[in-house]
Amino acid sequence: MAPKKKRTTAVKTKEESKASEPSSDGDDAQEEPPKRRKRAEKPEEKKKTSPPSTSSTYIHWLMKSEPERRIENGVDVKFGIEDLKALPNQTSCWDGVRNYQARNFMRDMKVGQQAFFYHSNCKEPGIAGIMKIVKEAYDDHTQFDKKDVHYDPSSKPENPKWSMVDVKFERMTKRFIPLAELKKYHLKHKNNGGPLRNMALFTRARLSVQPLTTEEFDFVMSLEDADET
């Protein structure tokens with residue numbers, strides 16, 4: 001996917017109607033744009049109880065963000081793993097998710113669970129590092145901020161639609177694991193029943209927040225020490 005896409009359209013807030021369309025093309029498919037801004041955790045957030053989500057056995061995740069400069073409504077939405085690493089306490093809120101299924105996955109997250117930091121919408125998409133969930137789902141304040149690119153006028157403080165979690169940088173992966181390599185294994189495993197046969201990166205490619213089975217997570221971790229072939 002070419003870098004620095006010129007895009008002048010407003011933030012899409014209707015993607016919930018397209019929650020997840022099956023695809024086998026990974027980042028080649030249209031996905032919910034992982035719109036992020038470089039910001040530290042906002043202090044003294046007003047805490048609200050999020051509606052309960054469906055129970056899940058997932059304990060590992062993949063979360064997409066854009067590591068290359070892209071201007072949207074006058075704001076640079078670039079946020080790569082190096083940006084997270086550079087923040088105070090190497091911690092940030094993960095705001096701007098505007099897809100109901102992705103939001104529900106964040107509501108399922110628990111403190112201490114791990115997530116892959118995935119670089120998306122860039123020259124070479126793929127897994128760049130590992131982060132940890134350090135605060136469970138709470139209201140995403142950007143939905144109420146009229147100056148924010150993630151503002152949603154249909155969301156009201158008394159009944160907020162969108163949630164976010166806080167994440168903390170844990171470490172870089174020993175090597176960058178590109179989408180092309182993951183796709184190769186996905187296609188191979190579809191035929192032989194391997195660990196990545198149903199990986200959401202390919203079966204639910206639209207989502208910027210995706211669940212991983214323990215089998216999938218462990219297999220991807222094993223690729224750190226393998227030479228790309």
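The values are calculated or read from the model by the stated rules, or taken from the named source; none is laboratory data. Model, not experiment: these values are computed from the prediction. Cβ: placed from backbone, ideal geometry, glycine included. Neighbour counts: every protein chain shown. SASA here: full protein model, heavy atoms, side chains in, ligands and nucleic acids out. Shrake-Rupley method; radii C 1.70, N 1.55, O 1.52, S 1.80 Å.
Listed values, structure above:
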item: Two-site FRET efficiency, ASP76 against ASN192, from Cβ-Cβ distance with R₀ of 30 Å, rounded to 0.05; result: 0.10
item: Links that overshoot a 25 Å alpha carbon limit, given the list LYS135/LYS183; LYS135/LYS156; LYS110/LYS161; LYS161/LYS183; result: LYS135/LYS183; LYS161/LYS183
item: Accessible area of the range 49-204 belonging to carbon and sulfur atoms, whole % at 1.4 Å probe; result: 51
